[in-house]
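Just so it is clear, none of the values below were taken in a lab; they were calculated from the coordinates. What you see is a predicted model; the values in this text were computed from it and never measured. Neighbour counts run over all protein chains shown; Cβ positions are idealised from the backbone, glycine included.
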Amino acid sequence: MNKPLHTLLSLGAFGAATLIAQAQPAPKIVVVDMAKIFDSHYDTVAENAKLQDAMKKAQTTFDQMTKEGDELVAQFKELDEMSKSALATPDAKTKATSDAQAKYKDIQQKMADRQKFANDTSALLRDRQQKFRASMLEAISKIVVTVAKRHDATLVLDKSGPSVIGISPIIYSDPGYEITNEVIAEIAANRPAGTPAVSTAPAMPAMPTSPAMTPASSSSSDMPKITVPGVTSPSR
């Protein structure tokens, strides 16, 4: 290929690239705090209240199982003492020993049932919370997109989540790029009558990677309370 023709083709390619670059709109970025919007959403406030109620009821059941277990332990101790009493007849000792062994099995079963109830209930409530969060974030994202398009934005950045090193992925942003409060106002404007007012306090922090189980004090054994990540346990 001769040099003039090669130069002409190169200039043509450069010109085409310049035209394409000029045809693309200049990027416009907006910033949003998805965690703040989620936590303040009236549906999150309502769901958190329902979770609190479910936890309270589950804790009541758990405490009743603990009480029943403690009663079994007390009965076992009485039988065990009778089986070793110098005042008891051989037949009475034999019966007390047999009854104590049966009572011990009852205690083990009660402990296993209580542990299973705690684990199953925590898993159930945790799964419910995860599904609610996923559904809510999907719905909120649609509203964020609507507000972002109103600003002719071409890119939306979420500043709520931590990066790989544990800090916000956005170190700084001009307040003029922030649309969080506008999204919250949009949600509040469509709040159905009778639903809880929008909260400014976090209702549910980010989900942990494993279930939170807190030891509960019991005379028969150390068992977990019924807990849900991010939700305060009801007072006893």
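Mind checking the range 25-76 for trypsin sites (Lys or Arg not before Pro) that DSSP puts in a loop (not H, G, I, E or B) and that have at most 13 other Cβ atoms within 10 Å?
Lys28
Considering only Cα-Cα distances, which of the following residue pairs are longer than 19 Å: Lys77/Lys110; Lys57/Lys77; Lys57/Lys116; Lys50/Lys142; Lys36/Lys56; Lys67/Lys110?
Lys57/Lys77; Lys50/Lys142; Lys36/Lys56
Using θ = phi - 60° and the Karplus form 6.51 cos²θ - 1.76 cosθ + 1.60, what ³J(HN,Hα) does each residue of the range 33-46 get, whole Hz, x for Gly and Pro?
Residue by residue, the range 33-46 yields 10, 5, 5, 5, 5, 4, 5, 8, 5, 4, 5, 5, 4, 5 Hz.
What length, rounded to one decimal in nm, is gained on full extension from Glu78 through to Val145, with 0.36 nm per residue of separation minus their alpha-carbon distance?
Contour length minus Cα-Cα distance gives 17.2 nm.
Using 1/(1 + (r/R0)^6) with R0 = 45 angstrom and r between the beta carbons of Ala92 and Thr60, what's the FRET efficiency to the nearest 0.05?
Once the sixth-power term is evaluated, E becomes 0.70.
Could you check the spin-label model distance between Tyr172 and Asp106? Points 7 Å from the Cα along Cα→Cβ, value in nm.
Distance between the two pseudo-spin positions: 7.1 nm.
Kindly state, to the nearest 0.05, the FRET efficiency for Glu186 paired with Gln52, given R0 = 25 Å and r defined as their beta-carbon distance.
Computed FRET efficiency for Glu186 and Gln52 comes out at 0.35.
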